[in-house]
Structure formats: structure tokens, C-alpha cells
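The values are calculated or read from the model by the stated rules, or taken from the named source; none is laboratory data. Please read all numbers here as calculations on a predicted model, not as lab measurements. Cβ: placed from backbone, ideal geometry, glycine included. Neighbour counts: every protein chain shown.
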Amino acid sequence: MKDFLSLKDYSKEEILQIIAIAQNIKQQHKSSIPTPLMKDCTLAMIFEKNSTRTRVSFETGIYQLGGIGLFLSANEIQLSRGEPIKDTARVIGSMVDMVMIRTFEHSRLEEFAAYCPVPVINGLSDSFHPVQLLADYLTMIECGISLDDQKPIVAYVGDGNNMAHSWLMLASKLGFELRIASPKGYGVDLAIMSLAQGFAQDSGAKITLLEDPKEAVSGANVVTTDTWASMGQEDEKEARVKAFDGYQVDCKMMSLAQKDAIFLHCLPAYRGYEVSEEVLEGGQSRVFLEAENRLHAQKGIMVYLHQNYKGNGC
């Protein structure tokens with residue numbers, strides 16, 4: 001694949017290869033060994049949605065790889081003034097070596113990638129957040145939860161959003177058990193669920209959709225959640241708080257998981273809503289290691305694409 005838009009496009013072997021690259025890069029970084037694997041390359045970073053972690057991790061990541069990052073907010077480029085996506089894609093793609101986009105509709109990302117001559121990375125869309133999931137899996141491995149000696153059980157509690165969809169893709173590709181608990185009316189996209197079920201037939205993954213969060217968390221190795229109201233859903237916040245009553249990951253809910261289970265959250269987290277203060281700051285929480293791993297996982301993605309696609313000469 002030229003692009004990294006969703007984990008659905010990648011095999012188990014390719015995903016694990018990216019993770020291995022990220023692990024090696026992180027180890028070298030921690031040992032103060034330079035990794036100029038993308039020397040003199042330029043990464044264009046287009047933000048139609050604001051972010052803390054995505055901007056800092058990609059901009060720092062390309063710098064540590066020997067390249068340079070160009071931050072392009074929606075207000076600073078002609079996309080916000082009606083320029084066709086295909087025109088922007090061809091122009092920017094002719095000047096840089098790689099593009100990262102954080103946007104709304106996944107179809108915008110797909111159109112951009114179709115016309116862009118260099119690799120395009122999904123920094124987040126309304127449908128998928130694949131870079132986050134590689135950081136999450138890297139965190140699981142570092143916490144002793146991997147496919148090497150067990151099939152982990154991951155419980156996702158909350159909105160059936162882009163994070164839930166991305167967990168569906170990762171589980172169905174790698175072959176572990178995933179339980180998703182969401183209130184009625186807030187579940188995952190059934191078309192994406194169907195796609196995951198197809199992949200699961202090959203990988204041996206077990207995927208279950210539930211409404212009871214306690215059932216999902218019981219015996220899990222990983223418990224994860226996300227905000228109940230994503231960007232663009234602020235006007236639904238009051239209704240969502242009511243709908244998600246009983247879905248907060250608190251100490252009582254975490255006690256149903258394995259004793260050595262870890263808690264993950266892609267952040268930003270809203271304490272007192274989807275997660276309690278005690279869990280987020282508690283001994284089972286790995287959210288800040290997870291956030292740090294965005295940097296290393298994304299360096300792994302960029303290096304993988306750079307090494308496997310030499311279309312622009314960098």
C-alpha cells in the first residue's frame with residue numbers, strides 16, 4: 001500500500017512489521033542513538049481538526065527521523081476556501097515526500113490519497129484512527145500483553161466511534177478477542193463490523209458487541225474507552241451523558257478485569273464522565289505511556305511507508 005488510511009488495508013504481518021520498526025526506533029531513541037531514516041524528507045501535516053498529540057508526535061517524529069514537518073491548518077490553505085481536494089492533493093504531493101491529514105469524513109481522506117502522488121497517513125478521520133491503535137498495541141506489548149504467549153481480551157466501553165472501529169480492525173487482523181459495549185443507538189457502524197467479521201474468519205479473532213459494560217470488562221486484559229462526545233458532537237453532549245449513564249470506567253468496573261489488566265485512553269480524557277479520576281491516575285492506567293508511544297508508532301509508520309514506497313525520490 002502507498003498509503004496508511006486504515007488497518008483494514010494491512011495484513012497481520014505488515015502491522016507487526018511496522019510495530020517492530022517502531023520498537024527498534026524507540027529503543028535507539030531511549031539510548032540517544034540518532035535515527036535519520038528519513039533525512040531531508042518533508043512531511044506536510046494538514047489539520048482540519050485540531051489536536052495536541054497528533055501535531056506534537058508527527059512534527060517531533062519527522063524531525064527525529066532527519067526530516068522537517070510543515071504544519072498546515074485548515075484556515076491557512078485553500079481547502080477552506082473551496083479548492084477541490086484533488087487539486088490540493090496534486091499540488092502538495094508534488095512538493096513534499098509524505099502527507100498526514102487529520103480530517104472529518106473518511107471519504108475526504110480517500111479522495112486526497114487517490115490524487116496525491118506520495119504516501120498519505122490518516123491522522124484521524126470520523127471513521128478510523130489507525131495511528132492511535134498502533135500506539136495502543138505497542139503499549140500492550142510493553143506491558144506484557146501481546147500475541148506471543150496469549151490471546152488477549154480487550155474490552156472497549158463507550159461510543160461506537162472511530163476508536164471502536166479501529167479496535168475492530170486491529171483485533172480482526174491480529175486475531176485477539178474484542179468486546180465492545182455501547183448503549184443502544186450508539187454502537188459501531190454495522191458495515192465496518194461486517195468487514196471485521198470477514199477478517200476475523202481468517203485470523204481467529206473473537207468479536208462481540210454488547211450493551212452491558214460489566215460483561216465486556218469481566219476477565220479482560222485491557223480496558224479502554226473514549227470520550228462520549230467527539231469533536232463536532234458538542235451539541236449532543238447532554239443527551240450523550242444521559243445515554244452513557246453506567247458506562248463510566250471506574251474502580252468498581254476495573255475490578256472485574258484481570259488483576260494485572262491495564263487501562264488505556266487515547267486522550268483527551270474527561271474525568272468524571274467516561275473514566276473516573278481514580279482510574280485515570282491509578283496504578284493500572286497506562287495512558288501517558290500510550291500517549292508517548294504515538295511518537296514512536298508514527299515514526300514506525302512513516303519509515304515503513306518511506307522504505308516501501310520510493311515514488312518521490314526522498
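Only one of Ile145, Ile207, Ile192, Ile153 is more than 30 Å from Leu43 (Cα to Cα) and in contact with a Ser or Thr (Cβ under 8 Å, 6 or more places away or on another chain); which?
Values: Ile145 fails: in contact with a Ser or Thr (Cβ under 8 Å, 6 or more places away or on another chain); Ile192 fails: more than 30 Å from Leu43 (Cα to Cα); Ile153 fails: in contact with a Ser or Thr (Cβ under 8 Å, 6 or more places away or on another chain).
After ruling out the rest, the residue left standing is Ile207.
Looking only at the stretch 21-55, residues that are touching a residue at least 12 places away in the same chain (Cβ under 8 Å) and either in a helix (DSSP H, G or I) or under 24 Å from Gly175 (Cα atoms) (or both) come to 9 in all. Restricting attention to the stretch 267-293 and to residues that are in contact (Cβ under 8 Å) with a residue 24 or more places away in the chain and part of a helix (DSSP H, G or I), the residue that is farthest from Gly246 (Cα to Cα) turns out to be Asn293.
Report yes if some residue within the stretch 144-157 is in a helix (DSSP H, G or I) and within 14 Å of Lys12 (Cα to Cα); otherwise report no. No, that holds for no residue.
Considering only residues of the stretch 90-125 that are hydrophobic (A, V, I, L, M, F, W, C) and part of a strand (DSSP E or B), which is farthest from Leu70 (Cα to Cα)? Per the criteria, the residue is Leu124.
So which residues in the stretch 210-239 are more than 19 Å from Ala155 (Cβ to Cβ) and in a loop (DSSP other than H, G, I, E, B), if there are any at all?
In the first step, residues of the stretch 210-239 are kept if they are more than 19 Å from Ala155 (Cβ to Cβ); the result is 229-239.
Of everything in the stretch 210-239, those that are more than 19 Å from Ala155 (Cβ to Cβ) and in a loop (DSSP other than H, G, I, E, B) turn out to be Ala229, Ser230, Met231, Gly232, Gln233.
Residue-wise test of (1) buried (at least 24 other Cβ atoms within 10 Å of the Cβ); (2) among the aromatic types (Phe, Trp, Tyr); (3) on the phi > 0 side of the Ramachandran plot.
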{"residue": "Asp136", "(1), (2), (3)": "yes, no, no"}
{"residue": "Ile141", "(1), (2), (3)": "no, no, no"}
{"residue": "Ser166", "(1), (2), (3)": "yes, no, no"}
{"residue": "Gly175", "(1), (2), (3)": "no, no, yes"}
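Is it the case that some residue within the stretch 74-85 is modelled with pLDDT of 95 or more and buried (at least 21 other Cβ atoms within 10 Å of the Cβ)? No, because not a single residue in the stretch 74-85 is modelled with pLDDT of 95 or more and buried (at least 21 other Cβ atoms within 10 Å of the Cβ).
Residues that are within 19 Å of Leu168 (Cβ to Cβ), at pLDDT 95 or above and out of contact with any helix residue (DSSP H, G or I) (no Cβ under 7 Å at 6 or more places or on another chain) within the stretch 133-151 comprise Met140, Ile145, listed in sequence order. Just need a number here: residues in the stretch 62-88 that are out of contact with any strand residue (DSSP E or B) (no Cβ under 8 Å at 6 or more places or on another chain) and assigned to a helix (DSSP H, G or I). Adding up the residues that qualify gives 10. Give the stretch 166-209 a look and list any residue that's farther than 22 Å from Asn221 by Cβ and part of a loop (DSSP other than H, G, I, E, B), or say none. Pro183, Lys184, Gly185, Tyr186, Gly187, Asp189 - these are the residues of the stretch 166-209 that are farther than 22 Å from Asn221 by Cβ and part of a loop (DSSP other than H, G, I, E, B).
Evaluated against (1) out of contact with any helix residue (DSSP H, G or I) (no Cβ under 6 Å at 6 or more places or on another chain); (2) over 30 Å from Asp40 (Cβ atoms); (3) free of Cβ contacts under 8 Å to residues at least 60 places away in the same chain, Ala114 falls short on exactly one condition, (2). Within the stretch 298-314, the set of residues being modelled with pLDDT of 95 or more and over 17 Å from Met1 (Cβ atoms) comprises Lys299 only.
The numbered conditions (1) under 17 Å from Ile141 (Cα atoms); (2) surrounded by 15 or more Cβ atoms within 10 Å (Cβ to Cβ) are all true for Gln27 except (2).
Evaluate the stretch 266-273: report whether one residue or more is over 20 Å from Ile141 (Cβ atoms) and loosely packed, with under 13 Cβ neighbours inside 10 Å.
Going through the stretch 266-273, the residues over 20 Å from Ile141 (Cβ atoms) turn out to be 268-273.
Restricting the remaining residues to those that are loosely packed, with under 13 Cβ neighbours inside 10 Å gives 268, 272.
For the stretch 266-273, residues over 20 Å from Ile141 (Cβ atoms) and loosely packed, with under 13 Cβ neighbours inside 10 Å: present.
Selection of the stretch 216-235 for residues being surrounded by 14 or more Cβ atoms within 10 Å (Cβ to Cβ) and among the charged types (D, E, K, R) yields only Asp226.
Residues that are at negative phi, hydroxyl-bearing (Ser, Thr, Tyr) and modelled with pLDDT under 95: does the stretch 277-287 have at least one?
Within the stretch 277-287, not a single residue is at negative phi, hydroxyl-bearing (Ser, Thr, Tyr) and modelled with pLDDT under 95.
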